[in-house]
Structure formats: structure tokens, C-alpha cells
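Q: The structure that follows is given in the form of C-alpha cells.
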Amino acid sequence: MATTHTLGFPRIGARRELKFALEAYWKGASSRDELVRVGADLRKRHWQDQGALDLVPVGDFAFYDQVLDMSFTLGNLPDRVKGFHGDALDNYFRVARGRSAETPGEHGGEHGGCCGVAAGEMTKWFDTNYHYIVPEFDAGTSFTLDASRLLEQFAEARAEGVRAKPVIIGPVTYLALGKAKDGSDRLALLPRLLPVYAGLLQALADQGADWVQIDEPILVTELEPAWRDAFVQAYRALDTGAVKLLLATYFGRLQENLPLACALPVQGIHLDAINARDEVDALIEALPADRVVSLGVVNGRNIWKTDLGATLDWLEPVAGKLGERLWIAPSCSLLHVPVDLAGERKLDEEVRSWLAFAVQKLEEIRILATALTPGQDGGRAAVAAELDANRAAIAARRASPRVNNPAVKAAVAAIGPRLGRRKSPFAARAACQAARLNLPKFPTTTIGSFPQTKEIRQARSRFKAGTLDAAAYTEAMRGEIARSVREQEALGLDVLVHGEAERNDMVEYFGEQLDGYVFSQGGWVQSYGSRCVKPPILFGDIGRPNAMTVEWITYAASLTDKPMKGMLTGPVTILNWSFVRDDQPRSETCRQLALAIREEVLDLEKAGVGVIQIDEAALREGLPLRKSQWQAYLDWAVESFRITANGVEDATQIHTHMCYSEFNDIIASIAAMDADVITIETSRSDMELLDAFDDFNYPNEIGPGVYDIHSPNIPTEAHIVALMRKAAERIPADRLWVNPDCGLKTRQWAEVIPALTNMVSAAKTLRATV
Ligand code: GLN
Ligand code: ZN
């Protein structure tokens, strides 16, 4: 009989209870006790949800972030919060969120400010959309054990009758994910770190822990020799016999690290058998015969039902070989999927029958384990009804005409090299565009969105609730568009935008209008802290039944003589911010999206729109974990953008926008997109980001952002002029645009007007002086 477990469970709550409890606490609207109680209730409920498992994770709950929890457990707090004598939970949130100079009634404000505390840096957790707080180190970092959180939760779980398996982040991954603020060698800290880990394992053993799951997902990435050695050193030190260690790897294949992992003195290894199914045999071969082999056989990164029959077909012989040594689990923590499908009331019934959220995925684990159990109560016969229902759902999905549209497949198959190529090289296009658009030097523009005001949000929610009819909603949005056009004309901007009033979200807006998408009501996934996202579900071949933006843009264009920029989200960003299908490669899905958005581009062009921006904010987010796979991804991602953008005439100007920093290692691909203009986030890097473009001799036009839209501060004209002068040292002035770092939807008009006023006057100064 296989032992069943999971590496982690979502903590936010099926109704985002944790989010609301956190936000109420931060606002001062609820007490610390209340927050603590919500946490305990959620843990208890989630342990019940996992009740059928043989081993249930403990320590996967976090009020903000599991990496930050680990930093507290290890006593690794940034110096700036060390002397704090107040409440420990408040101090935790100070690192998580920063704190401005005392705001009365607030338990923790926004970042920075005088006498405040800067928030810890946040970055993506491997290739997921979860963000963790980066551990901070320097040469003098020391560690001291604070096992209280884990011990309390362990005791709490045991009191609930839970078969608890504490979960911690392993020492090598912990160091690898952190940053040495002084540039010192993080590995030099390992000898100081290991005794603290050993103490933690001992403390857990003293409380009665048997197995401890120690996460080392860094093993699925390329490791320098020193980091490989660190694994050997670390696990030798942790091999104290206090507890049994399950070394958990996930998100990919072990590849060259497989022998290393198998040689470590741990009692079991978890392998992501979704991504690394082909390594299962080698793992079993390489592991000593007394070790546990935990296989992640249900995908923890998507929302699809597992094909249980097919899984059993390959798993049965493996189980035969391993017997009691086999454990089964989802491939990774379920943190990355929504909690429970049962909460979905409005979801398309057909698509719903193909889905599994966290609770359903654990049920799949139970069914698989039962089917693998020999004897009377086990075997496929014991779960025949469940397997039949699963087989029917898998077959229905495969056969559904809503999933497979031969016309779309044929269109993708027919994509040739010419489809993604502009008619002329950049220089010739630029001349046509200059003649058509007649723009001054240092043209000014914005990135797309204007403030999403209370009125806009109210109108949208009334429209969705049915208390505002479509005509009235359209009228309200047109009013907002007219307002933003009026404001932009008054400001004297050169290329206008319609302001995106009608868009709830830059991906959802398009998903809602494309065939092949559905939306859950409650399919929330934690992004960071209290922030959740609800990724749209891309389930079928992508079609665009109607134009999606043309009416709004042409309406906006009709209100002004200035060029009006059409505004679209690119295929790569739509892909990377959706739950996508698992029955074809991501590249194939991306090409389908590219063809659909391409039609929109061509319809905008036909409607007379001369400037079209295609946002690719999430292009970098899709980069694979291993550098050796980057180029393959970049190739199809860039190809998809080119298919989308490059069908237009020379005189149509294509813009793209990306709002992350770090272009150095992907600049060739950025250039290959061949957008006429790229606008990027640069203001906080003092224009140094442009070095990558300069070094590469990037040939097309660039709009380096001149002010940070995340901050309410109003940039001065002098500051903008100074930044643009720096830009002009790197990029010829006749190829520079002047624009903010990103869209303005989170700002107030009262901030936007003075900021853009200064930006426009800065452009005038630049025209006169550069
Ligand atoms: N056009 C979008 C906006 O202005 C771009 C958002 C983004 O880059 N994240 O809001
Ligand atoms: Zn942006």
C-alpha cells in the first residue's frame, strides 16, 4: 500500500479568509487575536480537508510567506528590524511589508518613508506566480533557532489527531534563494546555518515528529560545483538520526543532479513525476534499497483532472517494484492551485467536469492509492466507480468540439516564416511612420491605463450584478474614455490612449472575449502576502468570434486629432497569466493566441488606428528554470509576438511594453521582436537599464520610463530632464520617447495630472536643448 501525502496545501482559504483577516488587521479594523484565530481555524479546516492522507503537512501555513517564516525560524532577520521590542507578529509584517513612519491606527503601512522600515525584497518562487520575501545575508549573518512556530503548529495538529509531517525549506535552497547584501559568499554561512537546522530537527524529534519534509527544489536547477558540494556537507550534518528526512524536489527534472540527490543520507526523496516521469526508473535504480520513493503523480501546478487510468498503467509496475517504499503525492505543494471546486456555482458545467482543484487533487491521490493496494479492499475494482467517472471525463474533454477546433489547428499548422515578418526593415518603416504621425522629437505618451476610479469600479460591479444594463455601462465607460482624452489633450501629450476604463484586468478582459476560455468565481491563488490572482482557465482552441477593442479605440480616436494608440495584451502574457491546457505544448497554445490577437491588430489597422501597442509584461516570467532551456522558450515566445504584431503595413507603428527590469540576458530576443517602439520600466534604475540596449546597439525606438508609477510622488521636470539626458547618452535622441514606467490605473487623477504636466514640460525642454 502506497503512503499518501502532500507537500503543502493552499493557506489563503476557499473564500480568501486569510486575505481579508490580514487586511482588516493591517488597517487596524480587527485585533491580533482575531487574526491569530482565523489562522488557527484555517489550519484546522485544511487539516480536515486533508484528512484522508496518511501524512499531512504542518508548517506550510504562513501568515505572509513560507520563506519569511523560515527566516524567522532561523533567526535571520534584517538588522533594520532587529531591535524591535513590540509584538513578534508585527515585526514579521514589518519585514514583509515595510513600515512607513508611524501611521496611527495602522499595524503596518506601505513601504519606505522617513523613520520607516523598508520591506524585504520580493521575487518569484521558481517558475510560479508566487512571490517570496528574499532572505537577506551579509558576511556577519548569524543564526539562532526559534522553533516556536513549528512546534506550536505541530502540537496543534497532533491535538487535532493529525498525522503530522513538519515541512521546512532545506538549508541549501534557503541560502540559494537569498541575497548577500554585501556581495559576500552565501555558502560561507553554511557551517553557521547547519547547527541551527540540526537543532530544529532535534526539537521536532523531541516533540514526537517521525518524518520531516525538507524542501530542496533548487536541485532542479543548474548548480555550480560549490553548491553541489554544499548539499553533501549539509545533509551529512543533518544525518543525526533524530528524524527521518524526506528530501523534496519539484518543478522539474533532476537531470545531472539525480546522482547527487540519491547519494545524500536521507530516508526518502520526492520526485516531481509529472515533469520528471522519465527519471523515475533512474531514481529507483540509484537509491539504496531502504529508501522511500515519493512520486508526485498528480499535477500540483494546473487545474486539470488527472488521467487516473493512464497514471495507474505506469504506476502499477512501479508500485510492484517498490511495495511499502512507495509514497504518492501531488507533484509539488498545492499552494499553486485554488482550494476547492465545490465552491464554483456558475462555472460552465462541461468544463467543470474536467477540473480538479486542491481538494479534488487529494481525492485523486486517495483513489490512486486504493487502486494500488493489493488484497480485498484494494485494486482498481475497489474504486471502479471513481475510475469510470474519471475515464468518462477525460474522454469527454479529449473529444469535445469546444476543445478541438480543426480550423484553428489548421491555421497554426499553416503559419509560415513570412507571417511574422514586417514588410520593410525598421529604417524604411520609421520614415513612413514619421510622415504619417508627424511627431516632435522626444514624443510623449503613456502606457495605457488611466486611473480606475471608484465610479468605474462601481459601474462595472453593477453591470456584472445586472443592476446596470449594457447600454448604460457602455455609456459610462465612454464617458470615462472621453474624460481621459480631454485630460490628455489639455496636458499636450503627443500620442494618446483611451485609458482602459472598460478593462478589469489586462488578461481577463481578452480571455472573456475569446473562445476557449472560462472563468472561475473563486479560483484564487496566492501571489504574495494577502494578494491573490484568479487566473483565467484556457481550456480549448482559441478563437476570436468578434473584434474586442475596435469600438472603444475608434470611439476614443473620434474625439481627437492626435494619434490614438490601440491597446492590446500580447499572446505570451496572456499565456503566462492563465491556467493553460496540458494536452498540447505551451508553444502551440501561444501560437493560437498569437493568431487571434493578430486578427485584432489587423482590424484596428483597418479601422484607421495608426499606432498599436501590444503589452508583453509577462514575457520574462515564462523563462524556464534551467538556462539551457531559455533559448527554446524565447524563440517561440518571440515568434508568437511577431505573428501577432508584424502583419501590418509599414506606416502602422507597433509599440510593445514590458515592465520588469533586467534585459541584459534576453536583449537579442527583445530586439528580434522588432517592435517599432518599446516602452520599459527604468526610472528606478537611473537609466542604467538602457546599457543593455546600448551595448547591443538596439536599433529601434525606446521609451524609457521617466517616473515610478508605484509611488504617489510627483516627479519634477528637472528630474525627468536629467533622466532623459542620461538616456540620450546611451540611445540616440531621435529614437527616444518620453513616458511613465507603466500604466496609471492604480493612481489618482490628482497625482496623474501634475506628474504628466511635468513630463510634458520636460519633453519641451529636451526638444529645445538636446
Ligand atoms: N497597458 C497596461 C496598462 O497601462 C500595461 C500594464 C502592465 O504593463 N502591467 O495598465
Ligand atoms: Zn508595465
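Taken together, the values in this text are just the output of simple stated rules run on the coordinates, not laboratory data. Quick caveat: nothing in here was measured; it's all calculated off a predicted structure. All Cβ positions, glycine included, derive from the backbone under ideal geometry; neighbour counts span all protein chains shown.
Q: Considering only the range 728-737, state which residues are in contact with a strand residue (DSSP E or B) (Cβ under 8 Å, 6 or more places away or on another chain) and more than 16 Å from ligand 1 (Cβ to nearest atom). Step through it out loud before you land on a result.
A: First, the residues of the range 728-737 that are in contact with a strand residue (DSSP E or B) (Cβ under 8 Å, 6 or more places away or on another chain): 728, 731, 735-737.
Once the filter is applied, which keeps residues that are in contact with a strand residue (DSSP E or B) (Cβ under 8 Å, 6 or more places away or on another chain) and more than 16 Å from ligand 1 (Cβ to nearest atom), the range 728-737 yields 728, 731, 735, 736.
Q: Would you check which residues across the range 431-459 are among the basic types (Lys, Arg) and not in a helix (DSSP H, G or I) and list them?
A: 441
Q: Count, please, the residues in the range 730-755 that happen to be farther than 14 Å from residue 769 by Cβ and either small (Gly, Ala, Ser) or away from ligand 2 (no atom under 16 Å from the Cβ) (or both). Quick ask: steps written out before the conclusion?
A: Within the range 730-755, the first condition is being farther than 14 Å from residue 769 by Cβ, and the residues that meet it are 730-732, 734-735, 737, 739-755.
From what's left, either small (Gly, Ala, Ser) or away from ligand 2 (no atom under 16 Å from the Cβ) (or both): 730-732, 734-735, 743, 748-751, 753-755.
So the answer is 13.
Q: Just to be sure I understand, how many residues within the range 112-162 are over 29 Å from residue 220 (Cβ atoms), in a helix (DSSP H, G or I) and among the small types (Gly, Ala, Ser)?
A: Residues in the range 112-162 being over 29 Å from residue 220 (Cβ atoms), in a helix (DSSP H, G or I) and among the small types (Gly, Ala, Ser): 3 in total.
Q: Which residue is nearest to residue 255 (Cα to Cα), if the candidates are limited to the range 628-648 and must be surrounded by 15 or more Cβ atoms within 10 Å (Cβ to Cβ) and charged (D, E, K, R)?
A: So the residue we want is 639.
Q: Against the condition away from ligand 2 (no atom under 14 Å from the Cβ) and in contact with a Ser or Thr (Cβ under 7 Å, 6 or more places away or on another chain), how does residue 689 come out, does it pass?
A: Criteria not met by residue 689.
Q: With the condition kept exactly as written, say whether any residue in the range 338-360 is over 30 Å from residue 17 (Cα atoms) and touching a Lys or Arg at 6+ places or on another chain (Cβ under 8 Å).
A: So far as the range 338-360 goes, no, none of its residues is over 30 Å from residue 17 (Cα atoms) and touching a Lys or Arg at 6+ places or on another chain (Cβ under 8 Å).
Q: Exactly one condition in (1) within 16 Å of ligand 1 (Cβ to nearest atom); (2) over 18 Å from the mean Cα position of the chain (by Cα) is not met by residue 608; state its number.
A: Evaluating residue 608 over (1) within 16 Å of ligand 1 (Cβ to nearest atom); (2) over 18 Å from the mean Cα position of the chain (by Cα) leaves (1) as the failure.
A quick yes/no check of all residues on (1) under 30 Å from residue 512 (Cα atoms); (2) within 16 Å of ligand 1 (Cβ to nearest atom):
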residue: 631; (1), (2): no, no
residue: 635; (1), (2): yes, no
residue: 656; (1), (2): yes, yes
residue: 670; (1), (2): yes, yes
residue: 684; (1), (2): no, yes
residue: 693; (1), (2): no, no
residue: 696; (1), (2): no, no
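Q: Also, I was wondering about something else. Is there a residue being within 28 Å of residue 655 (Cα to Cα) and not in a strand (DSSP E or B) anywhere in the range 460-474? Steps first, answer last, please.
A: Taking the range 460-474 as the starting set, the residues that turn out to be within 28 Å of residue 655 (Cα to Cα) are 474.
From what is left, the residues that are not in a strand (DSSP E or B) are 474.
Yes - at least one qualifying residue is present in the range 460-474.
Q: Mind listing just one residue for me: the one in the range 656-670 that is surrounded by fewer than 18 Cβ atoms within 10 Å (Cβ to Cβ) and within 18 Å of the chain's Cα centre (by Cα) and, of those, nearest to ligand 2 (Cβ to nearest atom)?
A: For the range 656-670, the residue satisfying everything is 660.
Q: Taking into account only those residues within the range 441-472 that are in contact (Cβ under 8 Å) with a residue 40 or more places away in the chain and more than 18 Å from residue 486 (Cα to Cα), which is nearest to ligand 2 (Cβ to nearest atom)?
A: Out of the qualifying residues, it is 443.
Q: Consider only pairs whose beta carbons are under 7 Å apart and that are at least six residues apart or on different chains; among these, list those whose first residue lies in the range 729-743 and is over 10 Å from residue 703 (Cβ atoms) and aliphatic (A, V, I, L, M) and whose second residue is more than 16 Å from ligand 1 (Cβ to nearest atom) and assigned to a loop (DSSP other than H, G, I, E, B).
A: 733/441; 733/770
Q: Given the conditions (1) within 15 Å of ligand 1 (Cβ to nearest atom); (2) over 30 Å from residue 224 (Cβ atoms), report the number of the one that residue 584 does not fulfil.
A: Just one mismatch for residue 584, condition (1).
Yes/no matrix, rows are residues, columns are (1) within 15 Å of ligand 1 (Cβ to nearest atom); (2) of a type outside the set (A, V, I, L, M, F, W, C); (3) within 25 Å of residue 433 (Cα to Cα):
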position: 726; (1), (2), (3): no, yes, no
position: 744; (1), (2), (3): yes, no, no
position: 747; (1), (2), (3): yes, yes, no
position: 755; (1), (2), (3): yes, no, no
position: 760; (1), (2), (3): no, no, yes
